[in-house]
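Enquirer: Here it is: the structure, laid out below.
The values are calculated or read from the model by the stated rules, or taken from the named source; none is laboratory data. Values in this document were obtained by computation on a predicted structure and should not be read as measured data. Glycine also receives a Cβ, built like all others from the backbone with ideal geometry; neighbour counts cover every protein chain displayed. Note: accessible area is taken over every heavy atom of the protein model, side chains too, but ligands, DNA and RNA are not part of it. Shrake-Rupley method; radii C 1.70, N 1.55, O 1.52, S 1.80 Å.
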Amino acid sequence: MKAKILFIEDDKIDQKAFKRLVENQQLPYEYVMVESVENAKKHLKTDNFDIVLMDYMLTDGTAFDIFDSLVETPFVMLTGSGDEEVAVKAMKSGALDYLIKDPERNYLKVLPVVIENALKHHKDEKMFQMLSHAVMDIKDSIYFTDIEDTIIYVNDAFCRTYGYREEEIVGKNASILWNKDTENEYRLSIFPKALRGGLKGEFLHRKQDGSMFPVLLSRALIKDERKNDIALAGIVRDITERKMIEQQFQSLAHYDSLTSLPNRAHMIERLSQSLVQARWNNYTLALLFIDLDNFKKINDTLGHEAGDNMLKEVALRLIECVRDSDTVARVGGDEFMIILPRITRAQDAAIIAQRIIDSLISPFNLDRQECSIGASIGISQFPVDGDDYETLVKNADIAMYKAKDIGKNNYQFYNPAMNIAAFEHLVLENKLRKAVEKNEFLLHYQPQIDLKTNKIVGVEALIRWKDPDSEELIYPGQFIPLAEETGLIMSIGEWLLQTACKQNKAWQDAGYSPMNMAINMSGRQFKQQKIVKMISDELGKTGLNPKYLELELNESILLQTEVTSRILEGFADLGIKLSIDDFGTGYSSLSYLKKLPIDKLKIDQSFIRGISKNASDREIIKAIITMSHSLNIKVIAEGVEYESQLKFLRELGCDMAQGYLFCYPVPAEKLSESLSKEQPAIFVPQAN
């Protein structure tokens, strides 16, 4: 069957070249040629076309004047050399593809492939529309997503079950259906499993009002005729009623009647299930065995009723110390176990154990008498301390008795080496908290150099922690991960922002040429409430013009929800510049960059180091610079240390660079010596 094409082109030579192409290759096209916007609109109004090919510049306007008449007809944009920005704009407006026309008409050689791909893409979209009608009346909730897990279709049952209107949910990432605590697990484990060939199981889903409900979920890949993955289908059955019936039976046999916690039998069942998931997903799991110290004295002096009340209160405090995904069980008279089904390192278990010990320090009010109690805690881990539940329970029990032997009210790992690591971790955490309280941080600044002029156009603020005991500087890689984990990054981040902005304003007030101040923002800072207002307030306090502040964001931030876009737009509205740090090592793509108000990309130094030896690194750098410039995004290379690297970057048109070749990070007063009040300082590369 011939494809019906509307070819909009006012160049006679291009018209003849297209005719020759169709005739010489005997292409299955039926085409109509027009030369103007007016005639194109007339044909689109009266005829149906499979695809439209349109030149950008026409006799009476541009291709953009035709867009409103296209309705659902797919189109491909043809532009002349130098019109790359037009092509990008067309892609944002819905073009399926674009071709750059060259004087020799070589673009016509690939035109048939472009047309075939565009028609296929449009056909796939129509197929989804047909499927939507077929499944609209099914009682189970059905939804379709693209390969990036963006919801593209839901049926009526889905809307009734989840409480969304269709326009509220379509376009959202499917992770919105999962609890906030499990979103990362979904992105990193559950969704990839669906991409590998399908997924079926029972999960908890989240409704529009935030309530959770159990579902039986099946997800399957949809492939095209060439076996390419094009989408995923999801079928959801609400199993709330079934779960309620099951829960009634389980509560009789699997829960402790006094504390309502899982009993030993149920704990073993959950531990076995958690071990299966840990093996499957290559997770680390921890088991805490808790024995209350001197509980017998409570029963002997105050009676069993008081002892029972204490056990109930202990159960409540234990639950408050753990995550929703963890399991707290009562396995004996005054013995409890806690399953931590997913931890990243031994210190995570140690933090929970210490939290439990601290929570039990507060007195218990029993029969108007205040009583205190301690706990001895043993910790075993999968897979290092055992591969099955029996071994893990036995080893956690051994570690618990070790804790009792050395004085009670403490925790011990089954593996002694873990005790040392956990202790060092807690020592560092305490030192970091004191560092925040006593303001033991300072900033060094590294210049960012314009590669065309060799002038300083900005500086990056780099935090250092000055250890008061050793007087040595501690670098970010040694304490920022811990600051993220403990939440101290919020206070540290506010101090860094305020200090860097004050310094930049001070340089300007002293008469130095204005320049950008770049600071790195962590993912946890980015997620805090009213982040835009907080930064706006800090700028107001310091008096720094927002246009001289640049926030460096990690690529992973781009994978978050639409809230990300609103926050970035808020920064952009203030006039703050935005850059993507360590670009090329994460998940960024052209689709993200087209949608977000990004001003600059920073090429990760790992690629810069490989310039002289690794051809693939050179190609990646070249691609990043070319792509960025087509989107009007500037590029800065970090970690430049050698003249050969600098030469390569200049040849590719890289805009800026920073690194030891120009200047090491230095204190503000040291950098001030290199600044000029008449004009931006010129930096000559240092000898290697």
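Enquirer: Give the residue that is surrounded by the most Cβ atoms within 10 Å (Cβ to Cβ), with candidates limited to residues of the range 423-481 that are more than 30 Å from K577 (Cβ to Cβ) and of a type in the set (D, E).
Expert: Looking at the filtered set, the residue picked out is E429.
Listed here are the residues, each with its yes/no results for (1) open to solvent by 80 Å² or more (accessible area, probe 1.4 Å); (2) within 16 Å of L340 (Cα to Cα); (3) in a strand (DSSP E or B).
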| position | (1), (2), (3) |
| --- | --- |
| S362 | no, no, no |
| S380 | no, yes, yes |
| G386 | no, yes, no |
| K404 | no, no, no |
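Enquirer: Take the residues in the range 622-638 that are open to solvent by 30 Å² or more (accessible area, probe 1.4 Å) and either part of a helix (DSSP H, G or I) or among the small types (G, A, S) (or both), then tell me which one is farthest from A657 (Cα to Cα).
Expert: Within the range 622-638, the match that is farthest from A657 (Cα to Cα) is S630.
Enquirer: Would it be correct to say that A278 is more than 25 Å from F382 (Cα to Cα), touching a Phe, Trp or Tyr at 6+ places or on another chain (Cβ under 7 Å) and of a type in the set (G, A, S)?
Expert: no
Enquirer: Picking from L551, L496, L539, L544, which residue would you name as being open to solvent by less than 40 Å² (accessible area, probe 1.4 Å), under 27 Å from L601 (Cβ atoms), among the hydrophobic types (A, V, I, L, M, F, W, C) and part of a loop (DSSP other than H, G, I, E, B)?
Expert: Selected residue: L544, the only one of L551, L496, L539, L544 that is open to solvent by less than 40 Å² (accessible area, probe 1.4 Å), under 27 Å from L601 (Cβ atoms), among the hydrophobic types (A, V, I, L, M, F, W, C) and part of a loop (DSSP other than H, G, I, E, B).
Enquirer: Taking only the range 364-378 into account, find how many residues are among the aliphatic types (A, V, I, L, M) and assigned to a loop (DSSP other than H, G, I, E, B).
Expert: Residues in the range 364-378 being among the aliphatic types (A, V, I, L, M) and assigned to a loop (DSSP other than H, G, I, E, B): 1 in total.
Enquirer: Could you give every pair whose Cβ atoms fall below 7 Å, whose first residue belongs to the range 567-583 and is assigned to a strand (DSSP E or B), and whose second residue is of a type in the set (F, W, Y), counting only separations of at least 6 or pairs across chains?
Expert: L578/F571
Enquirer: Does Q508 meet the test of being assigned to a helix (DSSP H, G or I), more than 23 Å from A637 (Cβ to Cβ) and open to solvent by 60 Å² or more (accessible area, probe 1.4 Å)?
Expert: Answer is no for this residue.
Enquirer: Here's another thing I want to ask about it. Please list, ordered by first then second residue, the pairs with beta carbon atoms under 8 Å, 6 or more apart or interchain, first in the range 1-14 and assigned to a strand (DSSP E or B), second among the polar types (S, T, N, Q) and open to solvent by 50 Å² or more (accessible area, probe 1.4 Å).
Expert: Qualifying pairs under 8 Å: K4/N48.
Enquirer: Which fully enclosed helices (runs of 4 or more DSSP H) of the range 65-184 have 1 or more residues being open to solvent by 50 Å² or more (accessible area, probe 1.4 Å) and farther than 30 Å from K41 by Cβ?
Expert: 107-135, 156-162, 166-169
Enquirer: What number of residues within the range 637-652 are of a type in the set (D, E) and either in contact with a Gly (Cβ under 7 Å, 6 or more places away or on another chain) or modelled with pLDDT of 95 or more (or both)?
Expert: 2
Enquirer: Of the residues D655, D599, which is modelled with pLDDT of 95 or more and open to solvent by 20 Å² or more (accessible area, probe 1.4 Å)?
Expert: D655
Enquirer: While we're on this one: Specify which of the listed residues (I245, I235, I230, I222) is of a type in the set (A, V, I, L, M, F, W, C), under 26 Å from E148 (Cβ atoms) and open to solvent by 60 Å² or more (accessible area, probe 1.4 Å).
Expert: Exactly one of I245, I235, I230, I222 is of a type in the set (A, V, I, L, M, F, W, C), under 26 Å from E148 (Cβ atoms) and open to solvent by 60 Å² or more (accessible area, probe 1.4 Å), namely I235.
Enquirer: Can you tell me which residue among A253, A220 is assigned to a strand (DSSP E or B) and of a type outside the set (F, W, Y)?
Expert: A220
Enquirer: I'm checking my understanding of the structure. Among residues of the range 571-596 that are β-branched (V, I, T) and at pLDDT 85 or above, which one is surrounded by the most Cβ atoms within 10 Å (Cβ to Cβ)?
Expert: Among them, the one singled out is I580.
Enquirer: Shifting gears a bit: Tell me which residues, restricted to the range 316-342, are crowded, with 19+ Cβ neighbours inside 10 Å and of a type in the set (A, V, I, L, M).
Expert: Correct list: L318, V328, A329, V331, M337, I338, I339, L340.
Enquirer: Something else: Could you tell me which numbered condition M521 fails, if it satisfies all but one of (1) over 29 Å from the mean Cα position of the chain (by Cα); (2) under 17 Å from L443 (Cβ atoms)?
Expert: Looking at each condition in turn, M521 falls short on (1).
Enquirer: Anything in the range 264-299 that is closer than 18 Å to G332 by Cβ and out of contact with any Ser or Thr (no Cβ under 9 Å at 6 or more places or on another chain)? List them, or say none.
Expert: Passing the criteria: R264, A265, I268, E269, N294, F295, K296, K297, I298, N299.
Enquirer: Is it true that A286 is in a strand (DSSP E or B), buried (at least 18 other Cβ atoms within 10 Å of the Cβ), among the aliphatic types (A, V, I, L, M) and under 27 Å from the mean Cα position of the chain (by Cα)?
Expert: It is true that A286 is in a strand (DSSP E or B), buried (at least 18 other Cβ atoms within 10 Å of the Cβ), among the aliphatic types (A, V, I, L, M) and under 27 Å from the mean Cα position of the chain (by Cα).
Enquirer: Return yes when A265 is aliphatic (A, V, I, L, M), out of contact with any Asp or Glu (no Cβ under 7 Å at 6 or more places or on another chain) and over 19 Å from I357 (Cβ atoms) and no when it is not.
Expert: yes
Enquirer: Residue pairs, Cβ under 6 Å, 6 or more apart or interchain, first in the range 605-621 and over 19 Å from Y660 (Cα atoms) and open to solvent by 60 Å² or more (accessible area, probe 1.4 Å), second at pLDDT 85 or above and not aliphatic (A, V, I, L, M). List them.
Expert: I620/F607
Enquirer: Considering A403, A396, which residue is within 30 Å of N282 (Cβ to Cβ), modelled with pLDDT under 90, out of contact with any helix residue (DSSP H, G or I) (no Cβ under 9 Å at 6 or more places or on another chain) and hydrophobic (A, V, I, L, M, F, W, C)?
Expert: A403 is the lone residue from the list that is within 30 Å of N282 (Cβ to Cβ), modelled with pLDDT under 90, out of contact with any helix residue (DSSP H, G or I) (no Cβ under 9 Å at 6 or more places or on another chain) and hydrophobic (A, V, I, L, M, F, W, C).
Enquirer: Would a scan of the range 44-60 turn up a residue that is under 43 Å from the mean Cα position of the chain (by Cα), among the β-branched types (V, I, T) and farther than 17 Å from P112 by Cβ?
Expert: No, the range 44-60 has no match at all.
Enquirer: Which numbered condition trips up A350, out of (1) closer than 21 Å to A286 by Cβ; (2) out of contact with any His (no Cβ under 7 Å at 6 or more places or on another chain); (3) at pLDDT 85 or above; (4) not in a strand (DSSP E or B)?
Expert: (2)
Enquirer: Also, quick follow-up: Mind counting the residues in the range 160-190 that are in contact (Cβ under 8 Å) with a residue 40 or more places away in the chain and in contact with a Leu (Cβ under 8 Å, 6 or more places away or on another chain)?
Expert: Residues that pass the stated criteria total 4.
For (1) in contact (Cβ under 8 Å) with a residue 12 or more places away in the chain; (2) under 29 Å from V635 (Cα atoms), each residue gets a yes or a no:
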residue	(1), (2)
A399	yes, no
L426	yes, no
R433	yes, no
E437	no, no
E440	yes, no
N454	yes, yes
S470	no, no
I474	no, no
L497	yes, yes
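Enquirer: If you don't mind, another one. Within the range 345-360, does at least one residue satisfy the condition of being hydroxyl-bearing (S, T, Y) and open to solvent by 40 Å² or more (accessible area, probe 1.4 Å)?
Expert: no
Enquirer: Okay, next question. In the list A278, A265, which residue meets the criterion of being touching a helix residue (DSSP H, G or I) at 6+ places or on another chain (Cβ under 7 Å), of a type in the set (G, A, S), open to solvent by less than 70 Å² (accessible area, probe 1.4 Å) and in a helix (DSSP H, G or I)?
Expert: None of the other options fit; the residue is A265.
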